[in-house]
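> The structure under discussion is supplied below as structure tokens; questions concerning it will follow.
What follows is calculated from the coordinates using simple rules that are stated; it is not laboratory data. Here the structure is a predicted model, which is why all the values come from computation and not from measurement. Here the Cβ positions follow ideal geometry from the backbone for every residue, glycine too, while neighbour counts run over all protein chains shown.
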Amino acid sequence: MVSFGRISQALLRSSMIQTRQLSASAAHSHGEQTARTWKILSFVVALPGVAVCMLNMYLKMQQHAAHHVEPEFVPYSHLRIRSKRFPWGDGNKSLFHNPEVNALPDGYEGREE
């Protein structure tokens, strides 16, 4: 009876070791498969999705620019106050000045109204 117990324990240990080795290799294989799946999804779904969104915004911007009418300049006294000159350029334009969108205190640049 004692020998039967020792044999069964030895068989049980060997089966546990084999099970651990099999599960470890299966987990490793699963990780590789998951990484491959996400890589494929990134290239097949995410990048084309970003490209479609960029194309959509570009076309909407072109459509908006075709119909854009600039509002007339009204020299309100409370807007575009320059109590101190800016330390760059001519001192009248902000750091991120855009001549097509931002007006100066006396009107838009390059246009006589």
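> Kindly provide the chymotrypsin sites (Phe, Trp or Tyr not before Pro) of segment 37-79 that DSSP labels as loop, not H, G, I, E or B, and whose Cβ sees at most 15 other Cβ atoms within 10 Å.
PHE73, TYR76
> Label-point separation (nm) for PHE43 and TRP88, each offset 7 Å from Cα along Cα-to-Cβ?
4.2
> Provide the net charge surrounding ARG82, with neighbours chosen by a C-beta distance below 14 Å and charges set as Lys +1, Arg +1, Asp -1, Glu -1.
Charge balance near ARG82 sits at +2.
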